[in-house]
Amino acid sequence: MSAPTLSTSDKPVQPPHHGPPPEARREAFVRSVRRNLSAHSFLIGAVLCFAFFSWYPMVREFLLAFQKTEGGKTTWVGLDNLDYVFHDPAFWQAWRNTLLFTALALLLGFLVPFVIAIVINEFRHAQGYLRLLVYLPVMLPPVASVLLFKYFYDPGYGLFNGVLHFLHLPEQQWLQSTSTAMLSVVIAATWMNMGGATLIYLAALQGIPGELYEAAELDGAGLLRKIWHVTIPQTRLILSLLLLMQIIATMQVFTEPFLLTNGAGPEGSTTTVVYLIYQYAFNFNNYGGAAALGLVLLVLLAGFSAAYVRLSRDSES
Amino acid sequence: MAERTLISPAQLGRPRGKAVYWGVLTLVVLLFTLVFLGPLYWMVTGGLKTAQEFAESPPTTVPRSFHPENYSHAWNVMQLSKLLLNTLYYAFGALAFQLVLDVAAAYSLSKLRPVFGKVILGMMLATLMIPATVLVVPQYLTVLDLPVFQRNLLNSPWVIWLPSVTNAFNIFLLKRFFDSIPRELLDAASIDGASPLRTLRSVVLPISRPILGVVSIFAIVGVWKDFLWPMLTLPDPNKQTLNVGIYSLAQGVPENWLVAALAMASAPTLIIFLIFQRNIMSGLTAGSLKG
């Protein structure tokens, strides 16, 4: 609705005789160049790092996916790599496993921290201690937590079977059986990683105005209805942000299954997509196939990433 | 009393409410201690047991006899001092690079506002949209033969330090903090004739101590916890990090020694956490959502 103008620059064109004298203009120009030089010199180090280790690899990922390198010669093969990975039976198994992991990890890793946060938030005492405990595993080196769980899962002398035995429940094969391997990985991963989410939920819960609960009580709401009608709507934004974040993170799971079950697990039952990428690249030297797999993952996660960025931008304003 | 929550204070005030409250609290404290501290206790005491006692089922809660020499054996056999020094070297190097380059970049983007600044920030944030694991393969190929410089960075500390700078999330956190520093403060400095560098050093950095603390801890913990990247790029056993070194040595070592090694490898970050837990917790909740 602005008035039409013929000027293409975004600054109004100065009529020749009313502007500042040429010397002043030159001085302003020199000053702006100098200001920009110093500003860019502050930026250059980080920009170079991004250029070499982020932006260039991003471009390269796309190129690699459509290329084949053999004997030092790179040829353009179009969609051959994608065709190849789509016809690899391991591809579909890896996707089934990854989706199973994501579903289980969301069930545990999304719900458990929320419940824990609600419980901790109710206490007037020991809150600091409980918060500290929940976050403790996040600070362990992953190798330490994973090897700990490997001992706990041991079918012979492991702690978990000891507990099951004590409760007169049937003992499990845990990581050794195709039916429980993935669940075992998810339990370990949840223990290792849920501290961050719990703390974020706690912060969100602390922002809920107490009057809302009072109002709900006047309407005769019980505990569960208060959670359903007050707690969840009040934390909806953070819940959905963390949900997206966890989908993005869990679909890229690698370290936990790699360390717990050497990546594949019994009959490949814990092979994830990222482990398959790793195998293609570093065991089979098939960089094109690895890049093609990566591209599939990228496309599938792009929607979640875009939703996340949009939602977090909305939460800013 | 603080802001009220789910359960009404009146309900808590009644004798029955009080009893339930303290009962549940005790139960939760015990359960959490068992679930989250229990494994750590098991690890520290497991390292003190003999090999036979370690493999016993059910495990003993207190070692029958103490064998602290397991710790020194593990320390020597797994060459933990070297792994630890390597990891410290990588972690603090990465911290130095991130503090200098990321702080400078965030300061420039926030306060100096160069031409194309918005575009550069956008391109940095765009890297957050690409799943990190997708980039591992092309990044690996890049460090094998770094363009322009024609250098192979494998087994050199640069392979950890330089990519750690590309942390768009840290730059974003820092920029947001710098954005909140009032313009007038910087204008006053510049009227006094301070250069941008001088302003950064004497005005911006002193105010930014809390966010610098958070970013520093994330930087160190990030290197301490990373596994895949150092495994790929530091194949030389003499250059490895704790995570990778322990993983590759885990097979050939008695189990009680290995557990002692795990306890020692976990100690540094746990100690850092216990000292700085207040900063970490506030930083986490302040910054982690606005990605």
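The values are calculated or read from the model by the stated rules, or taken from the named source; none is laboratory data. Just so we're clear, the structure is a prediction, and the values are computed from it rather than from any experiment. Don't worry about glycine lacking a Cβ; one is built from the backbone with ideal geometry, like all the others, and counts go over all protein chains shown. The accessibility values were calculated without ligands, DNA or RNA, using every heavy atom of the protein model including side chains. Shrake-Rupley method; radii C 1.70, N 1.55, O 1.52, S 1.80 Å.
Within the set A:S179, A:S184, the sole residue that is over 25 Å from B:S266 (Cβ atoms), small (G, A, S) and out of contact with any Gly (no Cβ under 8 Å at 6 or more places or on another chain) turns out to be A:S179. May I ask you to verify whether A:L237 is in contact (Cβ under 8 Å) with a residue 12 or more places away in the chain, in a helix (DSSP H, G or I) and at the interface with another protein chain (Cβ under 7 Å from one of its Cβ atoms)? Against the criterion (in contact (Cβ under 8 Å) with a residue 12 or more places away in the chain, in a helix (DSSP H, G or I) and at the interface with another protein chain (Cβ under 7 Å from one of its Cβ atoms)), A:L237 does not qualify. Residues that are touching a residue at least 40 places away in the same chain (Cβ under 8 Å), under 21 Å from B:I7 (Cα atoms) and surrounded by 19 or more Cβ atoms within 10 Å (Cβ to Cβ) do not occur anywhere in segment A:170-193.
Looking for something assigned to a helix (DSSP H, G or I) and more than 11 Å from chain A (Cβ to nearest Cβ) - is there at least one such residue anywhere in segment B:98-106? Looking for residues that are assigned to a helix (DSSP H, G or I) and more than 11 Å from chain A (Cβ to nearest Cβ), one finds at least one in segment B:98-106, hence yes. Only one of the numbered conditions (1) assigned to a loop (DSSP other than H, G, I, E, B); (2) loosely packed, with under 15 Cβ neighbours inside 10 Å; (3) in contact (Cβ under 8 Å) with a residue 12 or more places away in the chain; (4) among the aliphatic types (A, V, I, L, M) is violated by B:L205, and that is (1). Counting only residues that are within 12 Å of chain A (Cβ to nearest Cβ) and outside any helix (DSSP H, G or I), how many does segment B:145-174 have? The qualifying residues number 9. Per the conditions (1) within 23 Å of B:Y89 (Cβ to Cβ); (2) modelled with pLDDT of 90 or more, the sole criterion not satisfied by B:I280 is (2). Is it fair to say A:A204 is part of a helix (DSSP H, G or I) and open to solvent by less than 20 Å² (accessible area, probe 1.4 Å)? Answer is yes for this residue.
Taking the stated definitions as given, is A:E256 part of a helix (DSSP H, G or I), closer than 16 Å to B:F227 by Cβ and among the charged types (D, E, K, R)? Answer is yes for this residue. Per the listing B:A189, B:A168, the residue uniquely without any contact (Cβ under 8 Å) to a residue 40 or more places away in the chain and open to solvent by less than 20 Å² (accessible area, probe 1.4 Å) is B:A189. Across segment B:184-238, the qualifying residues are those that are charged (D, E, K, R) and under 20 Å from the mean Cα position of the chain (by Cα), and the one among them that is farthest from the other protein chains (Cβ to nearest Cβ) is B:R209. Taking segment B:1-93 as the region of interest, the helices (runs of 4 or more DSSP H) fully inside it that hold 1 or more residues being surrounded by fewer than 12 Cβ atoms within 10 Å (Cβ to Cβ) are B:9-13, B:15-32, B:51-54, B:69-77. Cβ-Cβ distances below 6 Å connect the following pairs, each with a first residue in segment A:71-89 that is of a type in the set (V, I, T), a second residue that is open to solvent by less than 60 Å² (accessible area, probe 1.4 Å), and a separation of six or more residues or different chains: A:T74/A:Q67; A:V85/A:F91; A:V85/A:G289; A:V85/A:A292; A:V85/A:L293.
Taking the conditions (1) within 22 Å of the chain's Cα centre (by Cα); (2) within 7 Å of chain A (Cβ to nearest Cβ) in turn, B:P114 satisfies each one other than (1). If you go through segment B:241-256 and pick out every residue that is closer than 20 Å to B:L85 by Cα and either surrounded by fewer than 24 Cβ atoms within 10 Å (Cβ to Cβ) or among the acidic types (D, E) (or both), you end up with 4.
Checked across segment A:40-54, the condition of being free of Cβ contacts under 8 Å to residues at least 12 places away in the same chain and on the phi > 0 side of the Ramachandran plot holds for no residue.
Close contacts from segment A:142-162, counting a first residue that is at the interface with chain B (Cβ under 7 Å from one of its Cβ atoms) and a second that is open to solvent by 40 Å² or more (accessible area, probe 1.4 Å) and modelled with pLDDT of 85 or more, with Cβ to Cβ under 7 Å and a gap of 6+ residues or different chains, come to A:P142/B:K225; A:V143/B:Y247. Going through segment A:122-141 one residue at a time, which ones are part of a helix (DSSP H, G or I), within 8 Å of chain B (Cβ to nearest Cβ) and open to solvent by 10 Å² or more (accessible area, probe 1.4 Å)? Passing the criteria: A:E122, A:Y129, A:R131, A:L132, A:Y135, A:L136. Residues in segment A:258-317 that are more than 9 Å from every other protein chain (Cβ to nearest Cβ), hydrophobic (A, V, I, L, M, F, W, C) and within 23 Å of A:P142 (Cα to Cα) were compared, and the one that is most open to solvent (accessible area, probe 1.4 Å) is A:A264.
Pairing residues of segment A:200-211 that are closer than 19 Å to A:V138 by Cβ with residues that are open to solvent by less than 10 Å² (accessible area, probe 1.4 Å) and not in a helix (DSSP H, G or I), at Cβ distances under 6 Å and at least 6 apart in sequence or on separate chains, gives A:A204/A:T235.
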